[in-house]
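Scroll down for the structure; my scribbles are underneath it.
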Amino acid sequence: MISENPFDQFRRECQTVLSNALKKTLPEIKTPAITLSKTPNIEYGQLASSLCFELAKKLNQKPLSLAEHLVGAIDKSSFKLIEKVSCAGAGYINFYVNFAKFSALTLESVKQLKFDYGFVKTAKPNKIIVEHTSVNPLHPIHIGQARNPLLGDALARILECRGYKVSRHYYIDDVGRQSSVVAYGYEKLGRPKPTEKADHFVGKIYTVTSCLVEINRLKKARDLAIAVHSADDLVKVNKEIDEWMSIAAELKEKYPVLFESLMAKIGEDQNPEEEINRLNRAYEDGEPKAKQLIREVSDLCLEGFRETMKRVEVTYDSWDWESDFVWSTQVSEVLQKLKTSPFVYSEKGVLEFDAEKVVQVLNLKGKLGLGENHEVSPLTLVRADGTTLYTTRDIAYTLWKFKHAQKVINVIGMEQSLAQLQLKLALYALGYGEYAENFVHFAYNLVTLPGYKMSSRRGHYITFDNVLDEAVQRAYEEVSKRSPQLSEKEKRKIANFVGLGAVRYALVDVDSSKPVIFTWERVLNFETNSAPYVQYTHARACSILRKAAREPEKPAFELLSEKLERELILNLASFPDTFVEAAEYLKPNLIADYANVLADKFNTFYNALPVIKAESQGLSDARITLTQAIQIVMHNALTLIGVVAPEKM
RNA sequence: GGGCUCGUCGUCUAGUACGGAUUAUGACACCGGCCUGCGGAGCCGGAGGUCCUGGGUUCAAAUCCCAGCGGGCCCGCCA
């Protein structure tokens, strides 16, 4: 007898029993939906109902006497998992599980389902596209952006285990001015071969080029301000020039050769700004030379990204080029269709989308959860020169995604909430209400450095690669200190999964709606960080099982009567609940927390109670089975967030 | 100016969707203990709190509502 969700089985029994008692004692009352909550303490049983507090008022009775009545009417004879039901406090009804049976059910279920345990399948195994990472191919991925792939990958793993057909997409944003800036610099340098990791190489070219072009532009603006005698503008421009000059000085010091040669080459052009705009235009128009150039530099950068992502075991099923949607008819088709809707108007030669009107006309305020005073700003769809904007192209991309999936989840920072809302409203405007309802913006909060925001344009960032290197290096020092007897190869291997695990954990374990301030301490302190702790605990469980060196023959589950053991059983039995919640509410941090709690409990158990040398063979067998189950569940939880569960470390 | 979002011991953090129990979760740092026991990257104990503030709803509020305060973000012919 096994169950894919033991705790839920117990809960259902309790619900049925209570609902029956209710019908019997109070037939005149319409039976409410019975929700049971976990008790604050194992002394109060495992599940509790506060139903009597609600009923008391309606019936004008005391909650406690109602509870007594109901408890008296409960017939649990045909249910196997309920040990007893009692009333407590001012009117709670507490349900106690029969641990002998429940332990057997739980442990046998884990053992049989093994690496599938906990992964309760959805009733609707739809296809879901998860778009994540999508860092512009201009510079290396920095630590602020790294929260995205780690959250996205954890979500994808969780949804996949939930039974959805998940496809992971990377949207390559190669259209737009910034791509032309880097391509312009790259071309000026004579399309050099990378002398280091490709994305880092491209990133330097981008930052220096962007800085030089910006200064050039600002100087022209200054001349203009002088010419028209605008003192205000002059002050403003001068301030900006000062800022960029200091950035230039920094860059010149960091990359003297690159800086000098780009400065000389860019200096040859009368108007670099115009060259870049021309390139941008040519790329959107699909001119072969522009295509060749921008794709080449973008590909270089992506090559670096692939390397980084391979290292942390984040994978993608599809790399989608934004430019492909521009070159095909898809973007213009969307525009044509939008133009015929009543939500688009033309102003000073640009095409505007009236998002607020969509909300009004289709009465979406409540459905979208918008506040009373929330007015959605309009969105510019097409520039005066006829080129499109980012969100416009994203509409076409989104429609394409819905040709391949029933649900679309975009892992995108919360700073893009407005654009994502406008995009959703555009789907409504186009008549794709169903798409709009299955379009999810998974918004996460920013990662910042203490004191300032990371800026790729200014070259102020800590790269993800750098963080990974540091983490692995630091882990190596720890391993060498703690396990000097290991071979060099083993040390390296352990340092790798500990370091990478710590980084993944650090960026997934905080609620994604909360901001994270990046400190090295947060990632590298292996005392604070739970990933190495959980990994260590997993290895410890494996070690016991190795030492035991036997399969439990006759586990006496009824002997697992210590409070610690019971808490562990309850934790194991509740893993499916936690998993389902994490999947349905898109909360990967729940999994990280769960793993940590389980590890904590196991360590306490480990210190307090002997497993192999337990008083009797039956108890020892039961504790070995418990340890096996803990090891399996810890492994399953870690896998969901992409952290290695090691047998040794 | 408007909108969105976050605010919980010194620091970091769980709980907030779906209000419940005397005692608000855990970690770091701090104080004091535990290695001749299955892995000490561990365990046990102690101290530390206006759950941002003020109202309201309720038998019951960290959780819901209203009004504020503080930080971050957005309101571009950028992405």
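Listed values, structure above:
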read-out	value
Count - residues of the stretch A:561-596 that are assigned to a loop (DSSP other than H, G, I, E, B) and modelled with pLDDT of 95 or more	4
Residue check, A:Gln61 more than 8 Å from RNA strand B (Cβ to nearest atom), of a type outside the set (Val, Ile, Thr) and part of a helix (DSSP H, G or I)	no
Filtered residues of the stretch A:443-482 (kept if part of a helix (DSSP H, G or I), near RNA strand B (Cβ under 10 Å from one of its atoms) and surrounded by fewer than 16 Cβ atoms within 10 Å (Cβ to Cβ))	A:Glu477, A:Ser480, A:Lys481, A:Arg482
A:Gln485 vs. criteria within 13 Å of RNA strand B (Cβ to nearest atom) and either assigned by TED's automatic domain parsing to the domain that holds A:Phe343 or under 20 Å from the mean Cα position of the chain (by Cα) (or both)	no
Matching residues in the stretch A:174-198 - criterion: being within 16 Å of RNA strand B (Cβ to nearest atom) and open to solvent by less than 20 Å² (accessible area, probe 1.4 Å)	A:Asp174, A:Val175, A:Gly176, A:Ser179, A:Ser180, A:Val181, A:Val182, A:Ala183, A:Tyr184
Search result, residues across the stretch A:390-429 that are farther than 20 Å from A:Ser167 by Cα and open to solvent by 20 Å² or more (accessible area, probe 1.4 Å)	A:Tyr390, A:Met414, A:Glu415, A:Gln416, A:Ser417, A:Leu418, A:Ala419, A:Leu421, A:Lys424, A:Tyr428
Subset of the stretch A:488-511 [surrounded by 23 or more Cβ atoms within 10 Å (Cβ to Cβ), within 26 Å of A:Met414 (Cβ to Cβ) and within 11 Å of RNA strand B (Cβ to nearest atom)]	A:Ala502, A:Ala506, A:Val508
Count of the stretch A:274-286 residues which are surrounded by fewer than 17 Cβ atoms within 10 Å (Cβ to Cβ) and outside any loop (DSSP other than H, G, I, E, B)	5
Count of residues meeting criterion [of a type outside the set (Lys, Arg), open to solvent by 40 Å² or more (accessible area, probe 1.4 Å), under 25 Å from A:Leu107 (Cβ atoms) and under 35 Å from the mean Cα position of the chain (by Cα)] in the stretch A:4-36	3
Counted residues, the stretch A:600-612 - those being more than 6 Å from RNA strand B (Cβ to nearest atom) and either outside any helix (DSSP H, G or I) or open to solvent by less than 10 Å² (accessible area, probe 1.4 Å) (or both)	2
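The values are calculated or read from the model by the stated rules, or taken from the named source; none is laboratory data. Everything quoted here is computed from the prediction, not taken from an experiment. Note that each Cβ is placed from the backbone with ideal geometry, even for glycine, and that neighbours are counted across all protein chains shown. Keep in mind that these areas ignore ligands, DNA and RNA; they rest on the heavy atoms of the full protein, side chains included. Shrake-Rupley method; radii C 1.70, N 1.55, O 1.52, S 1.80 Å.
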